[in-house]
Amino acid sequence: MDLLILRHGIAEERGTRDNDDERMLTDEGRKKTRRIARRLAELDVKLQIVLTSPLVRAHQTAEILIDEGVAPRLERFAPLAPGGALSDLRVWLEANPELQAVGLVGHQPDLGSWAETLLWGSFRQGFDIKKAGVVRIDLLHPQDQGRLVWFLPPRVLL
């Protein structure tokens, strides 16, 4: 299984909105995320689905991936919200074995800890995914450790 992990794009500053969950991508965040999504499409990244955190900034990021043809559909996935559990993702992946290319859009530090755990079996606190950064992992089985394919900061894709 090809697992593409993408942190949401540049968002409004904390405190901009009463509810942090409603913070949106900035104009710059939308533009950079769109350029990155186009680059992923040029690299022939084809996902079957994008799972996204329900928070607005992540959902907007996932919508850009859909708009640029990286995936045909998205699904809100509550465990991708801050504080979610990797075990919930593993259960979801096991329940959907027909999917061989899945995208995840969410937040730091959770995405970094999920990536580390998927790769090395434990969280070492060093995997910092920048906004709109991408990690691509080859995962043979949801319960196994994966193989790192890419770890790209946004500047490499812009």
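Adding -39500 (n - 2.57) for every DSSP H run of four residues or longer, then dividing by how many residues the chain holds, sets the calculated 222 nm ellipticity at -10000 deg cm²/dmol. Classification of segment 23-108 by its C-alpha gyration tensor yields an oblate form. The axis ratio a/c (a ≥ b ≥ c) is 1.5 or more, and b/c is at least a/b. Taking the Cα atoms only, what angle lies between the long axis of helix 27-42 and the longest principal axis of the chain, rounded to 10 degrees? Between helix and principal axis, roughly 40 degrees.
The antiparallel fraction among DSSP beta bridges confined to segment 1-150 stands at about 40%. In summary, segment 43-158 shows an alpha-carbon radius of gyration equal to 0.98 times the 2.2 N^0.38 Å reference for compact globular proteins.
None of the figures in this text is laboratory data; all of them are computed from the coordinates on show. Not measured: the values here are computed from a predicted model.
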